Each structure stands twice: as structure tokens, then as C-alpha cells.
Amino acid sequence: MQNGNRRLDILILLGAAAFLLVPWYRIDRGFFGLSWVPDFPFSSNVAPGLLQIASHDRPWIAIALLLFLIGASARLMTNASSRGLLMAIAGGAGVLFLAAQGLAISFSGWAWTITETVFGPLSQGQPSMGAGAVTLSVVFVLFFAFGLAERGAMKGDAFITGSISLLIFLVTVFVFYPIGSMFAGSVQDFDGSFRPDGLIRNMQDPGIWSLGCITGDGRCGVAWRTLWLAVMTGLGSTIMGLAFALVATRTQFPFKKGLRLLTVLPIITPPFVIGLALTLLFGRSGVITEALSALFGIEPGRWLYGLTGIWIAQVLSFTPISFLVLIGVVEGVSPSLEEASQTLRAGRWKTFLKVSLPLMKPGLANAFLIGFIESMADFGNPLVLGGSHGVLSTEIFFAVVGSQNDPSRAAVLAMILLTFTLTAFMAQRFWLKGKNYATVTGKGDSGAHIALPRGLNWGVHGIVVPWMIFTVIVYGMIIFGGFVKTWGLDHSLTIEHYAKAFSISFADGAIAWTGVAWNSFWTTMEIALISAPLTAAVGLLTAYIIVRQKFAGQNAFEFALMMSFAIPGTVIGISYILAFNLPPLEMTGSALILIACFVFRNMPVGVRGGIAAMSQLDKSLDEASLTLRANSARTMRKVILPLLRPAITAALVYSFVRAITSISAVIFLVSAEYNMATSYIVGLVENGEYGVAIAYSSMLIFVMITIIAGFQMLVGERRLRRENRVAGTAPKTQSNSGTQGPSVQEKTA
Amino acid sequence: MTTFKPGSVVFEHVRKDFGSFTAIPDLSLTIEPGTLVTLLGPSGCGKTTTLRMLAGLEHPTSGRILIGGKDVTMLPAHSRDVSMVFQSYALFPHMSALENVAYGLESSGLKGKEAKEKAEEGLAQVGLAGMGHRLPAELSGGQQQRVAVARALVLEPQVLLLDEPLSNLDARLRRRVRTEIRELQQRLGFTAVYVTHDQDEALAVSDTIVVMKDGHIAQSGAPRDLYEAPASSFIADFMGEANVVPCSVVSVEGGMALVRVGDLEHKVPSSGARPGSAQLAIRPGAVGVSERNGSGLAGKVLTSAYLGDHVEYEVETAAGTLFVTDHTVTTPLPSQTEVSINLRPRGIALIAA
């Protein structure tokens, strides 16, 4: 129990510091600015917790102090079981109390009338939680976790209970609390007053629910349009992705390398850039439109601006993701099954339709779901191409920033959007239940995939080749567009857009970043570089816990995490501003809110990657490490992390890239001080400065390629030779685990 | 390496549930220090769960586990004085053999150089001196297995746990390695708990065999006791194949019982049986088969397979179908031959219950 005492001592010191050494409440100009130091500790704004109780008339903090002292008193006890119980109770109660007081007491006293009538009015309210309150929350969470560990939960492993508790705490604060606030926000004004009429009015708005396009009078509501678009995009990108996967794995296509390369491009492309390039091609003054008009006299139309244009842009944008999902699925169909089918006198077509395709079904459903959700969540393309035919995500944006300024409408639209994506997610989970054909078995599966039926072979080539050419043209436009004076009017080459965005001048021997883009560029880099490792760490830790540990409520935990993958960025954005604009947690306008947004938005992908990689590692490796006297933390550091290098690289790169390219959530959260590249570019597009916007976008793409290559060199390739061996040994151990009786199967199931 | 303080192991009314499934209902077991005890049983019998609870990889739902007299029921795996050899060896693929062996020593707080020295010693102990720089993938199956043993042994645990350590080796190597493990155990004198589903392996290495079935101990004892005096038809059949046939005990006298199978009479050790109906376990090698000559039990050969050093028959008799291995016959009897069955003096046991 010595170890237990040491960690408890640290916790008690930390808690004492939270009460004595740092301001209890939020510092307006930032805690890390240290502007509070001169006034500390006596001024009411910056006083620590203990003084807030004693001399600033905030007696409720004394309850937190009492709970903390109860938890700390466990240090004097020796019986592990009752000591653990005391810590767990004090910790749990502490967290709940801090949350409750934060929500119940705001700037000017009680936030709710019911508490005011029960407890009587307060002499004064409180600002948002600051360093002291936040630290104490974490201390309480850890009290709870260590208490459980001492009672033998998770085999007495404090590292695991601590990780699980902190993760649940963080996910609650940064995912569920904002979503909850959004639901509350739908019946509130920005100042927090109760106003349900907004909800009722918006719920009944024909602009949302009208079925006019079917009944024949006018347009359909935005909800139906968005749904229709998402279904079409899901279908389109799944079919394209499948065609690509088939070409890449089952044909003698000569440019397979190029195929893989092309698919990386859209991932590192900011989402609205495709839309932008499409306008350059097919817009009113686009190259192709003008050429057609000159050659055949076809009147330049506005057909691109609307669902059709958005659909094309989205299929272009999301096919690569669907391709990445499906290539694994197509490769996963065991060749021996196809060979078996052929020896059973089935031809190529029959084999493909009756064996291969049904085995890919779960993968196809997954690809469709991703396309569907990405389409729902897409913000950049509809913003550029939507014109007057907005979709839910853009409508949400305009409900907040436009002249409407109707938070209730934004919340209602966000709830509708969330309902769509979550329904799709649940439907897929439900449908896939028990349909997971693990066709990659542990046994060495030799044999070759059979060739595609001739007709299908032509078909997939017919889809893939034009798409590749189209993509090359689109990206050519992006590069070229940055060097043209005014698109559609004056096609003379110039570098003035780059100069405007990225000029540097030397004055007084120092570099002056005079370009307009530098400010947002450096902010973006800074925030992406901070959030990438955090995302990877949180994601992989979560994956480790999901794959390797068993605890009560684990399925709910996993489900909730995966569900957050289905929450569109716009919804996250709107929920963050509704949640973190008022006490108890105030973060809007800070870099912190952007980082939190990226970490919890991109984490599910890190989790998925981590789960996939971790399932490849035989569990007996961890167990061997544990029986060799290494605790979980050491096992993680020495055994699991080194073997997970590829997954770590992937998570780092992905979260980094997403932090740079994402727009939907970010556009709500940026501030004058912390503006991100994407939202800046959108601003340029809205002002019609296409040249600069495109120059900036090309620069971002270039920078991302450079940094990804750098990441690869840093983490990835060095141990690849050994990693391959891991992959080689994993099947052997997998096939063994089946013979060890129910205990092991129970664990791995 | 020679400073083992072998520890005893005690399970006191241990129960283990996985959700609604009860793997071990109520297990009590004592293992003497310095002995090698095998947990033997078919898959799903709870032997691996028992071992994993001892290692601290599973925690019992109720009951107590003591190692060397100390209650370890709630201790996590890394604080227990046991170490384990895994079925898959679980060698860390990104570490060399030496790093693998040194891993546990470093985890226990030994400094890098010291740990390396002890690890070298440990590798030498299993005959792998000078191979330390190799990665697991560069070692043969048998060498990997020895690295796994060395890695567990250098920690000088009170109890060494082995989870089907031979199942990934080919048959020939298996025999050699099991002899090596037994030698090592007797030379160094540590307590070992060995899980296997192979009764030959169990008979070859054990001081005591514990046969488990459905989470219960079906029988435990010295290898010879289990083979020669099985307590149930399950044990008789599991410890080397046996034909279990109904018989009647005619009389018991001086520790020997006269039993009757059909019209065949035979004397076997009584193992506490009383006159009445009982069961007889007849090893396949304890049956003599000859062309019908009037004496013995009448039967007919159903199948006959020639296997080089012996012939296998299935013989239909009034007491049921018997599986017979015959090491004496020079000309195999073809199927459908009418035969007479005799019982040899050894390899026949009366099942008490």
C-alpha cells in the first residue's frame, strides 16, 4: 500500500494547492497571462478558495473543502477496503457538488428560481470556474478513481481506474455537457432566460419541414433537402469508393500507385476547396462554362449553385475516405472463399455477386454511413456552392451569425441534424449486429483473389479513369487559380495573390510578417500542433481501455464515444458556444476552446485506429508484462506504445490535418485573437477574393504535405521491419486463444 | 538463479464468475512448496482460469488465494511473487531476447547493467548463451520457448506458472523440452503449476496431477494413482484411453476383487469396491485378441488398422464395443473375424463409484 499512500499524498498536496495557491475563479485576461499575480491573494477576483470562503462571502465553497478534507482523512486509515470506500464517496460527491454549484450559482446569484426559493437569495454570485476550482475537480475525480482501485476495482490498478474516470469526466464535460446545453439552449435566449416560443415556432417552420417539392408547390424544407443530399452523397461515394477499391486490388490497373496518391490529396484539402475549384470550372464564369458557351452557344447557367453542385463536390471530397474503408474490406474477403466458390462450379459473376459482395456488405454499410454523416456535417462546400439552397449546417451558421441572430433556431436545426446522423448511426449499429463476417482469419490464407468479371472490370475502369482525370484537373485548377489575376475576366499570370497573403519584409533587421494570411496561419499551426498529440494520446488511451479492460458500463462508454463520431461539426460548434459562453465554464474566444474542440472531435478516429491496431497485438503480451512485475503504466510505455507506432503516426497525422482543414465547428469558435486559416479563407471567399483564397489554400496543402512527410520520418518508418513481424506473429496467437477455454474467449469476445 | 524460496499455494473456496457464467464454482486446493503440479483437463474445464487467478490476471469473485502463506487475493499481477510462461510465449517482438529476459528484472527495480548481467545468466541457464542479441522472430520455436522460460525464471519467483508451454512445439521437440523443464524444476527446486490438456505430458512431468472438469477437481494425486486407480470413468478415459464397461463384483478378498464381465472373470485391485454392479476401466493394451478358440469373451472385429508397431481394432462384444491395441500380433486380423477376448493382468482398474 506504499504506492497507494504516495499517490494519495500527491493528490492531497494538489488539492491543498487548489484551495490556497491559485485563484478560485476564472481570470478574465487569462490564467497563464499571470496578470493576477500582483493582486493575489486578497482581491475578490483572484482570491484562492479558502479566502473566498473566509472573506468574500461565498460560503458554499466550504462544502467542497469539507468533502476534500473527508477524502484526505482516508490517508490516516489502514483498512484498504473502507479507506477506498471513503475516498470514492468523497471524490464522487465532490465532483457532483462542484458541478452542481457551478451550474446553480452564476454571476448574480442563483441561476434557477427553484433553488432560490428553497435556500433563499444569495448575497452575491460567482464568476466561472478558474484554476482552483478546475484543479479541485480533477483531484476529486482522482480521489474517486484511487478509492475504487484500493477496493480492488480493475484488479486494483490505479492507473486504469484513473484513466477511465478522467476520460469519462472529460467526455462528459466536452461532449455531453455541450450537447445538453444545446438542448437547453433551444428554449433559451442568449442571456439565459426561458423562452419556449422560439422552439415551438422553429419546430413548425415550413422552411424546415415543407414537402413542397413532392406535392408540387414550391421547395422542400431544408431538413428534407439535407437528408436527400446525404443519401445521394453516401450512395455516390460508396459506389465510387468500391470501384476504386476493386480497381486497386483486383485488376492489373497500371497506375495503382497514382491511385493511392490521389486518394490522399482530398484528405489534406480544406473541405471548401473542391467547391471553389468547381466554381472555377463550371461556375458562371468558369472555364468550361465559357468554352461551351463560345463553342455551342450554350447559355451559362447557374446549375452548379445548388444541391447538384454540392453533391458533385461532396462525392469528390468523400470518395477517398470511402475508398480507404473499402480497400480493407475488399482485401479482407478471403481468397480461399472465392476459390472455393469457383471449385463449386460458380463463374466469376456468380462468385462476385453471391460470395464476395455479400461478404463486403458490412463494409459497404460502413462506407455509406461515413459518406452520409460527412455529407450532413459538411459545411465548406454548401457554403461555397449552396447559393440560396442552403443545407442544415449552413442554415445553422446563418441563424447565429446572420441578421437573424436566433440561437433558438440554430439549436433546433442542430438538433434535427443530430437526430439524422444519430439515427443513421444507430441503424447501422443495429443492422450490423451479428453480421460481422471476420473473413481475415488467423490462419495463413494463401491463394489469389480471382479476377473481376469482364463487364464489371470495364465498368469500374470506366468510373475510375475519368474520375482520376477529373481530380487531376480540379487540383490543377487549385494550383493554377492562385496565379491568375481575376478568374473569368483576366487570365494573365501573376503572383500578387501570394504576395498579398504571404509577403515578408525586413525592417530594422527584423522580419515583419506583412502578409494578410500570416496571423491566422501561425495560429492554425500552433493549435494544430498542440491538439494533434493530445488527440492521439486521448484516442489511444481510450482504445487501450476499450480493447484491454473490462468494466461495468463499458459498452455504454464505447457506444457514447463512437456516437460522438456521428455528431456533425456544426453541431459541436453551436453547442460549444452555447455551453462555454457562460459560467460555470467560460472558454469562448480562447485557444483552449479550439483545442478542446479538435481533441474531442477527432478523438473517435484515433480510437478506431487504436482499436484496430491494438486488436492485432496479442493480449498475452500485456499479461506477460504484468506478470513480469511491470505495472500498467510501464506496460503501456514499454510494450504497447512501441508496438503501436504506425497507429500513433496515423492518429497524429490525422488529427493534425483535421485541425488544419476543418471548418464546420471552427467557424463558430474563432475569435479576432485566434483566427484559423480555414475560417479566414471562407471570409475571403465571402468577400469575393477568390485569388487570395485559392493561393492560401494551395499553400496550406503544400504545408500539410511537408509536415506529414516530416511526421512519417520522425515516428513511422524506422521500425517498420519489426512491425511487419508483429503482424506476422499475431495470427498465430489469435488461433491459439480459441483453445484456452471460456475464460479467454470471454475476454476477447 | 539458485536462490529459490519455493512457496506453497492455497486456494480457499475460490469462485469465479464471468458475467452470468460460472467458470469455477468452488475450488479448494493446496500445492506443496517445491513440487510440480499439473492442472489437467479438457478445454473449458477451468484450468487456465485457475492459473490466471494465481497469476493475478483474473481476480476471484469470492474466496482467498495464498502464495507462500500470504494472502494475495486482491494483489494485482505485477505485485505477486509469481511469474508465468505463456502458451504463445508472449515475447515482446520489438525487444531482443536479452531485453525480454531483462524486462522483468528492470521492472523490479534492478539497474540496467545489473539486469543485463542477470539476464545473460538466465539465458545461459536455458542454453541460449550468446543468443541475447537476437529478436524473437530470429529464433526457432524451441528457442523462443526457452527465452520465455528464462524470462520467467530470472525473477526467482516463489511459484512458476506454465500455461500449456509446449503446445506450439512439434511432437519431437515437445518430448525434449518437457524433460528439460522437469530437470530445471528439480535442479532449482521451485514450485511450478503447469497447465496442459495432454495427459502424456502431465504423466511425464508431474509430482501431482489435478484433473479438472467443469470447474471442479475431478481427482488429484500422483500420476500413478490416477492412472491405476481412477476414481471415475471420466478420469479413466481422460488419463489414457480406456474402455469403460459395466461389470459385477462377485467377491472382495484381501484387497483383490473378483469381477465378471459377460462370462469372463478377472481379478483386480478392489480399491474399496463392494460386491454388486460396478464399472471396469480396461486400457486398450490390456486386452488380448485371438482367433475364436472357445475360451474368453466372444467378439467380432469391426475395424482393423495396421500402425507399424501395433494394430488397432474395434471389437464388438456382448459388453459393448472395445477399442484394442495389440502389440504382439504378427499377422493382423481382418475385419469380420470372429475372435476371443482375454484380459491381461495389468491395465485394468475397477472404478469404485
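Show the residue pairs meeting these rules: Cβ distance below 6 Å; 6+ apart or different chains; first residue within segment A:687-712 and under 20 Å from A:GLY275 (Cβ atoms); second residue of a type in the set (Lys, Arg) and surrounded by fewer than 20 Cβ atoms within 10 Å (Cβ to Cβ).
So the pair list comes out as A:VAL692/A:LYS500.
Any idea which of A:ILE168, A:ILE164 is assigned to a helix (DSSP H, G or I), open to solvent by 30 Å² or more (accessible area, probe 1.4 Å) and modelled with pLDDT of 85 or more? Lay out the reasoning, then the answer.
Values: A:ILE164 fails: open to solvent by 30 Å² or more (accessible area, probe 1.4 Å).
Exactly one of A:ILE168, A:ILE164 is assigned to a helix (DSSP H, G or I), open to solvent by 30 Å² or more (accessible area, probe 1.4 Å) and modelled with pLDDT of 85 or more, namely A:ILE168.
Let's see how each residue does on (1) surrounded by fewer than 18 Cβ atoms within 10 Å (Cβ to Cβ); (2) assigned to a helix (DSSP H, G or I):
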| residue | (1), (2) |
| --- | --- |
| A:VAL118 | yes, yes |
| A:SER123 | yes, no |
| A:GLN126 | no, no |
| A:ALA133 | no, yes |
| A:ALA145 | no, yes |
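Before we move on, is A:GLY275 in contact with a Leu (Cβ under 6 Å, 6 or more places away or on another chain), touching a residue at least 60 places away in the same chain (Cβ under 8 Å) and more than 27 Å from A:GLY455 (Cβ to Cβ)?
Working: in contact with a Leu (Cβ under 6 Å, 6 or more places away or on another chain): yes; touching a residue at least 60 places away in the same chain (Cβ under 8 Å): yes; more than 27 Å from A:GLY455 (Cβ to Cβ): yes.
Judged against the criteria, A:GLY275 is a match.
Scan segment A:627-644 for residues that are more than 9 Å from chain B (Cβ to nearest Cβ) and either assigned to a helix (DSSP H, G or I) or under 11 Å from B:TYR103 (Cβ atoms) (or both) and jot them down.
Initial filter on segment A:627-644 (more than 9 Å from chain B (Cβ to nearest Cβ)): A:633, A:636-637, A:640-641, A:644.
Selection gives A:ALA633, A:MET636, A:ARG637, A:ILE640, A:LEU641.
Criterion first (under 23 Å from B:ARG187 (Cβ atoms), touching a residue at least 40 places away in the same chain (Cβ under 8 Å) and more than 7 Å from chain A (Cβ to nearest Cβ)) does B:THR50 satisfy it?
Details: under 23 Å from B:ARG187 (Cβ atoms): no; touching a residue at least 40 places away in the same chain (Cβ under 8 Å): yes; more than 7 Å from chain A (Cβ to nearest Cβ): yes.
Taking the combined requirement at face value, the residue does not satisfy it.
Just the residues that are β-branched (Val, Ile, Thr) and touching a Gly at 6+ places or on another chain (Cβ under 8 Å), please, taken from segment A:217-247. Steps first, please.
Quick first cut of segment A:217-247, residues β-branched (Val, Ile, Thr) only: A:222, A:226, A:231, A:233, A:238-239, A:247.
Selection gives A:VAL222, A:THR233, A:THR238.
What residue, of A:PHE159, A:PHE174, is assigned to a helix (DSSP H, G or I), within 20 Å of A:PHE559 (Cα to Cα) and either open to solvent by less than 20 Å² (accessible area, probe 1.4 Å) or not basic (Lys, Arg) (or both)? If you could, list the steps in order and put the result at the bottom.
Numbers: A:PHE159 fails: within 20 Å of A:PHE559 (Cα to Cα).
Being assigned to a helix (DSSP H, G or I), within 20 Å of A:PHE559 (Cα to Cα) and either open to solvent by less than 20 Å² (accessible area, probe 1.4 Å) or not basic (Lys, Arg) (or both) holds for just one of A:PHE159, A:PHE174, which is A:PHE174.
Tell me which helices (runs of 4 or more DSSP H) are completely within segment A:318-386 and hold 2 or more residues being open to solvent by 10 Å² or more (accessible area, probe 1.4 Å) and among the polar types (S, T, N, Q), or say none if there are none. Give the derivation first.
Values: elements: A:335-343, A:348-351, A:357-377, A:380-385.
Per the criteria, A:335-343.
Within segment B:16-40, track down each residue that is surrounded by 15 or more Cβ atoms within 10 Å (Cβ to Cβ) and at pLDDT below 90.
Once the filter is applied, which keeps residues that are surrounded by 15 or more Cβ atoms within 10 Å (Cβ to Cβ) and at pLDDT below 90, segment B:16-40 yields only B:PHE18.
Please pick out the residue among B:VAL259, B:VAL249, B:VAL301, B:VAL311 that is under 30 Å from B:THR196 (Cβ atoms), of a type in the set (A, V, I, L, M), open to solvent by less than 40 Å² (accessible area, probe 1.4 Å) and modelled with pLDDT of 85 or more.
Working: B:VAL259 fails: under 30 Å from B:THR196 (Cβ atoms); B:VAL249 fails: under 30 Å from B:THR196 (Cβ atoms); B:VAL301 fails: under 30 Å from B:THR196 (Cβ atoms).
Result: B:VAL311 is the single residue among B:VAL259, B:VAL249, B:VAL301, B:VAL311 that is under 30 Å from B:THR196 (Cβ atoms), of a type in the set (A, V, I, L, M), open to solvent by less than 40 Å² (accessible area, probe 1.4 Å) and modelled with pLDDT of 85 or more.
Which residue, of B:LEU169, B:LEU161, is part of a loop (DSSP other than H, G, I, E, B), in contact with a helix residue (DSSP H, G or I) (Cβ under 6 Å, 6 or more places away or on another chain) and within 14 Å of chain A (Cβ to nearest Cβ)?
Details: B:LEU161 fails: part of a loop (DSSP other than H, G, I, E, B).
Going through B:LEU169, B:LEU161 in turn, the sole match is B:LEU169.
Kindly indicate the residue of segment B:91-107 that is in a loop (DSSP other than H, G, I, E, B) and more than 7 Å from chain A (Cβ to nearest Cβ) and also nearest to the chain's Cα centre (by Cα) among those meeting that condition. It would help to see each step written out before you state the result.
Applying the first criterion (in a loop (DSSP other than H, G, I, E, B)) to segment B:91-107 yields B:91-96.
From the residues that got through so far, the ones that are more than 7 Å from chain A (Cβ to nearest Cβ) too are B:91, B:95-96.
Working: B:LEU91: 24, B:MET95: 32, B:SER96: 32 Å.
Only one residue fits best here, namely B:LEU91.
Could you tell me whether A:ALA624 is surrounded by fewer than 24 Cβ atoms within 10 Å (Cβ to Cβ) and either in a helix (DSSP H, G or I) or free of Cβ contacts under 8 Å to residues at least 60 places away in the same chain (or both)? Outline the logic, then answer.
Values: surrounded by fewer than 24 Cβ atoms within 10 Å (Cβ to Cβ): no; either in a helix (DSSP H, G or I) or free of Cβ contacts under 8 Å to residues at least 60 places away in the same chain (or both): yes.
No: the conditions fail for A:ALA624.
Given the conditions (1) more than 30 Å from A:LEU369 (Cβ to Cβ); (2) open to solvent by 50 Å² or more (accessible area, probe 1.4 Å); (3) modelled with pLDDT under 85; (4) of a type outside the set (Ser, Thr, Tyr), which single one is not true for A:TRP431?
Single failed check for A:TRP431: (1).
Just give me the residues in segment A:469-514 being in a loop (DSSP other than H, G, I, E, B) and in contact with a strand residue (DSSP E or B) (Cβ under 7 Å, 6 or more places away or on another chain), in sequence order.
Just the residues of segment A:469-514 that are in a loop (DSSP other than H, G, I, E, B), to begin with: A:482-483, A:487-489, A:494-495, A:503-504, A:508-509, A:513-514.
Matches in segment A:469-514: A:PHE483, A:THR494, A:ILE504, A:THR514.
Condition test on A:MET699, is it at pLDDT 85 or above and either within 24 Å of A:PHE521 (Cβ to Cβ) or among the acidic types (Asp, Glu) (or both)?
On the way: at pLDDT 85 or above: yes; either within 24 Å of A:PHE521 (Cβ to Cβ) or among the acidic types (Asp, Glu) (or both): yes.
Criteria met by A:MET699.
With (1) out of contact with any Cys (no Cβ under 6 Å at 6 or more places or on another chain); (2) open to solvent by less than 50 Å² (accessible area, probe 1.4 Å); (3) among the hydrophobic types (A, V, I, L, M, F, W, C); (4) within 26 Å of A:LEU626 (Cβ to Cβ) as the list, and B:ALA137 as the residue in question, which single condition is left unmet?
Unmet condition: (2).
Select from segment B:108-124 the residues that are more than 14 Å from every other protein chain (Cβ to nearest Cβ) and crowded, with 20+ Cβ neighbours inside 10 Å and list them in ascending order.
Of segment B:108-124, the ones more than 14 Å from every other protein chain (Cβ to nearest Cβ) are B:111, B:113-114, B:116-117, B:120-121, B:123-124.
B:LEU123, the sole residue that qualifies.
List the number of the failed condition for B:LEU184; all other conditions in (1) under 15 Å from the mean Cα position of the chain (by Cα); (2) modelled with pLDDT under 90; (3) part of a helix (DSSP H, G or I) hold.
Condition not satisfied by B:LEU184: (1).
Can you tell me which residues in segment A:602-621 are part of a helix (DSSP H, G or I) and facing chain B (nearest Cβ under 7 Å)?
So in segment A:602-621, the residues part of a helix (DSSP H, G or I) come out as A:602-616, A:619-621.
Once the filter is applied, which keeps residues that are part of a helix (DSSP H, G or I) and facing chain B (nearest Cβ under 7 Å), segment A:602-621 yields A:SER620, A:LEU621.
Of the residues that sit in segment B:1-15 and are open to solvent by 10 Å² or more (accessible area, probe 1.4 Å) and without any contact (Cβ under 8 Å) to a residue 60 or more places away in the chain, which one is nearest to the chain's Cα centre (by Cα)? It would help to see each step written out before you state the result.
At the first step, the residues of segment B:1-15 found to be open to solvent by 10 Å² or more (accessible area, probe 1.4 Å) are B:1-6, B:8, B:10, B:12-13, B:15.
Right, trim to without any contact (Cβ under 8 Å) to a residue 60 or more places away in the chain and you get B:10, B:12-13, B:15.
Details: B:VAL10: 19, B:GLU12: 22, B:HIS13: 23, B:ARG15: 22 Å.
The qualifying residue nearest to the chain's Cα centre (by Cα) is B:VAL10.
Pull up segment A:213-235, narrow it to residues that are more than 12 Å from A:LEU307 (Cβ to Cβ) and at pLDDT 90 or above, then point me to the one that is surrounded by the most Cβ atoms within 10 Å (Cβ to Cβ). I'd like the intermediate steps shown before the answer.
Initially, segment A:213-235 is screened for residues more than 12 Å from A:LEU307 (Cβ to Cβ), giving A:214-218, A:221, A:223, A:234-235.
Filter once more, so that each one left must be at pLDDT 90 or above: A:234-235.
On the way: A:GLY234: 26, A:LEU235: 14.
The extreme case among them is A:GLY234.
Taking into account only those residues within segment B:57-81 that are within 7 Å of another protein chain (Cβ to nearest Cβ) and open to solvent by less than 10 Å² (accessible area, probe 1.4 Å), which is farthest from B:SER43 (Cα to Cα)?
B:ALA77
Part of a helix (DSSP H, G or I), in contact with a strand residue (DSSP E or B) (Cβ under 9 Å, 6 or more places away or on another chain) and within 12 Å of chain A (Cβ to nearest Cβ): is that true of B:ALA152 in this structure?
On the way: part of a helix (DSSP H, G or I): yes; in contact with a strand residue (DSSP E or B) (Cβ under 9 Å, 6 or more places away or on another chain): yes; within 12 Å of chain A (Cβ to nearest Cβ): yes.
Yes; evaluated as a whole, the condition is true for this residue.
Looking at B:VAL315, B:VAL249, B:VAL301, which one is among the β-branched types (Val, Ile, Thr), within 22 Å of B:SER232 (Cα to Cα) and assigned to a strand (DSSP E or B)? Quick ask: steps written out before the conclusion?
Numbers: B:VAL315 fails: within 22 Å of B:SER232 (Cα to Cα); B:VAL301 fails: within 22 Å of B:SER232 (Cα to Cα).
Being among the β-branched types (Val, Ile, Thr), within 22 Å of B:SER232 (Cα to Cα) and assigned to a strand (DSSP E or B) holds for just one of B:VAL315, B:VAL249, B:VAL301, which is B:VAL249.
Right, B:GLY44: more than 9 Å from chain A (Cβ to nearest Cβ) and in a loop (DSSP other than H, G, I, E, B) or not?
Here the answer is no, as B:GLY44 does not meet what is asked.
The values are calculated or read from the model by the stated rules, or taken from the named source; none is laboratory data. Just so it is clear, the model here is predicted, and its values are computed rather than measured. Every residue, glycine among them, receives a Cβ derived from its backbone with ideal geometry; neighbour counts consider all protein chains shown. Each accessible area value is taken on the protein alone, full model and side chains, heavy atoms only, with ligands, DNA and RNA left out. Shrake-Rupley method; radii C 1.70, N 1.55, O 1.52, S 1.80 Å.
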